[in-house]
Amino acid sequence: MLTADASHLNYSALLRQSKRLDDSVCTRTMRLAVLSDAAVPQIVPLLKALLVSKGIRAEVYLAEFDSVELDIFNPQSDLYAFAPDAVIILNSLNALRLKYYRQAAERSHFVDGITRGAAALWDTVKSRSAALVIQSNYVLPYERQFGNFDHKVGETFYPMVARVNAALVELARDRPHVLINDVEALASYVGRKHWSDEKLWTLAKAFCALEHLPLVAQNLVDILLSNAGHVVKCVVVDLDNTLWGGVIGDDGMEGIALGPFGEGEPFFRLQHYLLDLKRRGIILAVCSKNDQATALEPFQSHPEMALREEDIAVFVANWNPKPDNIRLIKDTLNIGYDSMVFLDDNVFERQLVRETLPEVIVPELPEDPADYVRAIAELNLFEVSSFSDEDRRRADLYRENAHRQALQTGFTDIAEYLRSLDMRVTMRRFDAFHMPRIAQLIQRSNQFNLTSRRYNLAECTAMAERADECIPMYVTLADKFGDNGLISVVILRSRSPVMEIDSWLMSCRVLGRGVEQYAMNQVVTIALANGCECVIGTYLPTAKNGMVKNFYEQFGFERGEERDDGATVWRLRVATYQARAVYMKEAA
């Protein structure tokens, strides 16, 4: 969850909050369909309350009790008339248990029947809608007919549920439009003994004990937010008594506590936890009150350091206030405050950052370092809805970008600097190989995004396969420091004599290198090739994209009408366009 604690997950408090929601300040709407074989009306106000706190208005279609198949398989159902952005399927263990009881003679086919049925539902949704499907798995039962020997028997209920869960994950792996809501992990955390309310199931077919329903709602919100591009990109970490025990400036290399045993073990564990995050693409930065050379010593020489200097994208150690240094890190990485997490053992420093930079996520670390990793992990701050090779390399990409900025300080002429980067660029039509990254960039880009239209993977795939007026393009960039990967998306619609720019977005980490100039030159070339005399672009302002307010003006577009939604329309006569200078070559 993109919040520093879980204290808000109180069932009664959230219900009260839902009755006085003010969604007038919301900048986005999500249309959610909730289908279940349990009675789940209480989850609707919880979802609305949790999403409003993130600036999102939720419109919810709640299906009738136990009508999952009826809604999905009927093409004329209210589900499809509602046109959801996401279809949430909540399956209860108790309903599964009833199916198990009824198939006493055919239990060898039980797992296959359940999982094939789920896959048929997912595929039907995909064939009739562009909606994301969020499928819950099953809480493992408390009954084990053979005790610990249950797994060796195989056809008892407990191991069958475990096999169903494993099969659902495998089936979802090949379906990008399906994400798993891991309810079993929630129940294990709470304790299965406390998760279910058997009396409430008997009386009202409740999905779980009502006190735990906010956890389910929050888990769903985490998935929805990550799919919409609300993700943590960077962990900013303190050093003394956070990454190691003691103060490096006072205790020296030999005096700090760090290692796999004793008082150094909690710090050793935290470092490995952060290193694993870095390997999956989370950027690591250091913000410490220390002398730079002293702070770097453990990273360079301590034998038990899991993190090394090359793992840190931005290393800031000085005596300035930490909010100032976090601003520096944010500007260097060109990311938003709301995608940053700050870890510090010092209560004063945590509170100062909360008050000064309220968008930064600042978890309340426990006093005992042994609980650091648990406290961070239970917040589920690092939820993602996809993972690519580019994600794996993201931390290195940002570190390479920091090197580029350092190089730039040695030049007085920007053109000379850009030439020195030896940049290589491509702009090509959407293809299957790049599709996951294309959809991810469309969902996540907020600052350099002229319209903030959000297309999911299915919609992007449909664009690529169409042979009509849609011309969907992606841009890649590499230079002498490394491969930046796919960094921009431009979606055009050719309606001669007009070429419309439907969407234009770009990763902020490549700002100022001429990618937008190169792409605009290509847009005009494409317009001419399609017999278009005019290019039309739209700027739709959001809370985060003010940086591109004057984008079209700088390319010679003339401002046109302003729409009711605040968008401005811009027009360019292609015959008057002057191609912009670029300092990159087209890659082979």
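The values are calculated or read from the model by the stated rules, or taken from the named source; none is laboratory data. Source: prediction; values computed, not measured. Quick reminder, even Gly has a Cβ in these numbers, built from the backbone with ideal geometry, and neighbours come from all protein chains shown.
Listing for the model above:
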quantity	calculated
Filter result (in contact (Cβ under 8 Å) with a residue 12 or more places away in the chain and among the polar types (S, T, N, Q)) within the stretch 543-563	Asn545
Close pairs (7 angstrom Cβ cut-off, 6 or more residues apart or separate chains): more than 12 Å from Arg495 (Cα to Cα) in the stretch 523-542, surrounded by fewer than 16 Cβ atoms within 10 Å (Cβ to Cβ) and among the β-branched types (Val, Ile, Thr) anywhere	Thr542/Thr27
Some residue of the stretch 405-418 being at pLDDT 85 or above and not acidic (Asp, Glu)	yes
Any hit, the stretch 93-100, residues being in contact (Cβ under 8 Å) with a residue 24 or more places away in the chain and over 25 Å from Val164 (Cβ atoms)	no
Total residues in the stretch 539-588, condition of a type in the set (Ser, Thr, Tyr), surrounded by fewer than 14 Cβ atoms within 10 Å (Cβ to Cβ) and in contact with a helix residue (DSSP H, G or I) (Cβ under 6 Å, 6 or more places away or on another chain)	0
Matching residues, the stretch 118-147, being in contact with a His (Cβ under 8 Å, 6 or more places away or on another chain), within 14 Å of Leu32 (Cβ to Cβ) and either among the polar types (S, T, N, Q) or outside any loop (DSSP other than H, G, I, E, B) (or both)	Val125, Leu132, Val133
Residue that is farthest from the chain's Cα centre (by Cα), among those in the stretch 564-588 that are over 23 Å from Arg513 (Cα atoms) and of a type in the set (Gly, Ala, Ser)	Ala575
Hey, Asp150 surrounded by fewer than 20 Cβ atoms within 10 Å (Cβ to Cβ), free of Cβ contacts under 8 Å to residues at least 40 places away in the same chain, in a helix (DSSP H, G or I) and acidic (Asp, Glu) or not	yes
Top-ranked residue in the stretch 153-195 [being over 27 Å from the mean Cα position of the chain (by Cα) and without any contact (Cβ under 8 Å) to a residue 24 or more places away in the chain; ranked as surrounded by the fewest Cβ atoms within 10 Å (Cβ to Cβ)]	Gly191
Those residues of the stretch 438-469 which are without any contact (Cβ under 8 Å) to a residue 40 or more places away in the chain and either part of a loop (DSSP other than H, G, I, E, B) or surrounded by 18 or more Cβ atoms within 10 Å (Cβ to Cβ) (or both), in sequence order	Cys460, Thr461, Met463, Arg466, Ala467, Asp468, Glu469
Residue in the stretch 73-84 that is surrounded by the most Cβ atoms within 10 Å (Cβ to Cβ), counting only those that are part of a loop (DSSP other than H, G, I, E, B) and in contact (Cβ under 8 Å) with a residue 12 or more places away in the chain	Pro84
Matching residues, the stretch 564-588, being charged (D, E, K, R) and either in contact with a His (Cβ under 8 Å, 6 or more places away or on another chain) or touching a residue at least 12 places away in the same chain (Cβ under 8 Å) (or both)	Asp565, Arg571, Arg573, Arg580, Lys585, Glu586
Number of positions in the stretch 462-478 that are of a type outside the set (Phe, Trp, Tyr) and either in contact with a Pro (Cβ under 8 Å, 6 or more places away or on another chain) or modelled with pLDDT of 90 or more (or both)	10
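Each row is one residue, and each column tells you yes or no for (1) at positive phi; (2) surrounded by fewer than 16 Cβ atoms within 10 Å (Cβ to Cβ); (3) β-branched (Val, Ile, Thr); (4) in contact with a helix residue (DSSP H, G or I) (Cβ under 8 Å, 6 or more places away or on another chain).
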site: Leu9; (1), (2), (3), (4): no, no, no, yes
site: Arg20; (1), (2), (3), (4): no, yes, no, no
site: Ser24; (1), (2), (3), (4): no, yes, no, no
site: Thr29; (1), (2), (3), (4): no, yes, yes, no
site: Leu47; (1), (2), (3), (4): no, no, no, yes
site: Val60; (1), (2), (3), (4): no, no, yes, yes
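Listed here are the residues, each with its yes/no results for (1) without any contact (Cβ under 8 Å) to a residue 24 or more places away in the chain; (2) in a strand (DSSP E or B); (3) within 27 Å of Arg128 (Cα to Cα).
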position	(1), (2), (3)
Ser12	yes, no, no
Gln17	no, no, no
Ser24	yes, no, no
Leu35	no, yes, yes
Pro45	no, no, no
Leu50	no, no, no
Asp66	no, no, yes
Asp71	no, no, yes
